[in-house]
1. What is the list of residues in segment 259-294 whose amide nitrogen lies under 16 Å from a point 7 angstrom out from the Cα of residue 354, following Cα to Cβ?
2. Could you pull out every one of the lysines with an alpha carbon less than 21 Å from that of residue 338, ignoring same-chain neighbours closer than 8 positions?
3. Taking H placed 1.01 Å from N in the peptide plane, check which residues at least 5 places from residue 120 or on another chain put their amide H under 5 Å from its amide H.
4. Give the calculated FRET efficiency between residue 7 and residue 186 to the nearest 0.05, with a Förster radius of 41 Å applied to their Cβ-Cβ distance.
5. With θ set to phi - 60° and the Karplus curve 6.51 cos²θ - 1.76 cosθ + 1.60, what are the ³J(HN,Hα) couplings of segment 215-226 in order, to the nearest whole Hz, using x for Gly and Pro?
6. May I ask you to derive the relative contact order of the chain, considering only C-alpha pairs under 8 Å and at least 6 residues apart, and to give it as an integer percent?
7. Of the accessible area of the chain, with the probe set at 1.4 angstrom, what percent is carbon plus sulfur?
8. Tell me, what is the FRET efficiency for residue 254 and residue 293 to the nearest 0.05, using R0 = 45 angstrom and their Cβ-Cβ distance as r?
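The values are calculated or read from the model by the stated rules, or taken from the named source; none is laboratory data. Quick caveat: nothing in here was measured; it's all calculated off a predicted structure. Cβ sites come from the backbone with ideal geometry, for glycine too, and all protein chains shown count toward neighbours. Quick note on the areas: whole protein, heavy atoms, side chains included, nothing else; ligands and nucleic acids left out. Shrake-Rupley method; radii C 1.70, N 1.55, O 1.52, S 1.80 Å.
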Amino acid sequence: MDFAFDADQEALRDAVRTTLARSLPRERLRSIIDNHEPLPDETWRQIADLGWCGLLIPEEYDGLGRGLVDMTVVMEEMGKLPLPGPFYSSAVLATLVALRLGVTELLPALATGEQRGTVAVEEMGTAADPIDDVRTRASRSGDGWVLDGLKPVVLDGEGADWVLVLARDTDGVAAFLVDAPQATTVPGFDPTRSIARLELVSTPARRVGPDGDQTALLRRALDDAAVMLCAELVGACDAAYDLAVEYSKVRVQFGRPIGSFQAVKHIAADMLQALTLARVGTHKAAWASDVDAADRETAAAMAKAWVGEAAIHVTSDTIQIHGGVGFTWECDAHLYYKRAKANDLMLGRQGWQRRRVADLILGPPPETASLTS
């Protein structure tokens, strides 16, 4: 099967690459990251004006009406920086959840970049299914709802115009809209990500989307969002691999570039294999979602399980090839490694995704026979 991008998608890639290179050259990008500054307003405005914020949003809501394959192109290029700021949380995660739930009134402002949304999913102790592990409670209060719980990792939560909180009511898990969330930015492992802690104590909210348990709809939205995390990591691995290869050409040891040594060649070959498989798996999962293929869910779970592992492998070997230099703050290798570690933990970890793939292919495990029977 051919997963090559078409001419329009390659043109989009060139536009993203050149725009970001011009707007955020390395020195400026490192200054933003090192000083924990927000993405410059002019950069966000440029991203919005080019239509990238509305890439996934239908044209009737001021978007471009494209699919995950097109967003894969954008996310790969952004992963190569790696780009700080709320693009993923708003233009991808929040957009996908709002679309899947049919909350169309939120879409026009997202498409134009006038508003930034996010989604609060993860909770303390989440180790398996991020939806099944939701413990935040939603209760009736008069004609509305109130939320009680803690969301410790909300991407770009501080400064978001609204957040869709996943909470549990009497029907199951559903999404609740909280305007102007009172979230507080907290330190994170990845300096290029802004994460916030959202404490909910009788917080007023509005239930959105269809009645009843929304687990199936939310799982589909989070699957698609996870595939886009994979696309971002493919871009990060691309950049990390190129960084390692270039360093191996100029670092001389024992009178020879270290890239000429067999041990380094073996490491680079393994990195390239992991990167290639990650790219193929991600592109397949994005395509499967766009066409609603029968194996869409399996493809998404396989991609999230494999790409997280592959990205940690590639980015850690980038540090290894750099040697002591790779552990310094000035070298970009640690940025890619930290982005890989952070993305791996979001929206379903490797172990759960692998169990999920096994269940999807082999069927659920049989009931354990009673020892007394």
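1. In segment 259-294, the label zone of residue 354 (backbone N under 16 Å from the point 7 Å along Cα→Cβ) covers no residue.
2. In chain and number order, the partners are 80, 304.
3. 164, 165, 166
4. On the way: r = 44 Å, r/R0 = 1.07.
Efficiency, rounded to the nearest 0.05: 0.40.
5. Once rounded to whole Hz, the list reads 3, 4, 5, 5, 4, 4, 4, 6, 4, 5, 5, 5.
6. Numbers: 674 pairs, mean separation 58.3, N = 373.
Across the chain, relative contact order equals 16 percent.
7. Working: 8990 of 16600 Å².
Roughly 54 percent, rounded to a whole number.
8. Working: r = 52 Å, r/R0 = 1.15.
The pair residue 254/residue 293 has a calculated efficiency of 0.30.
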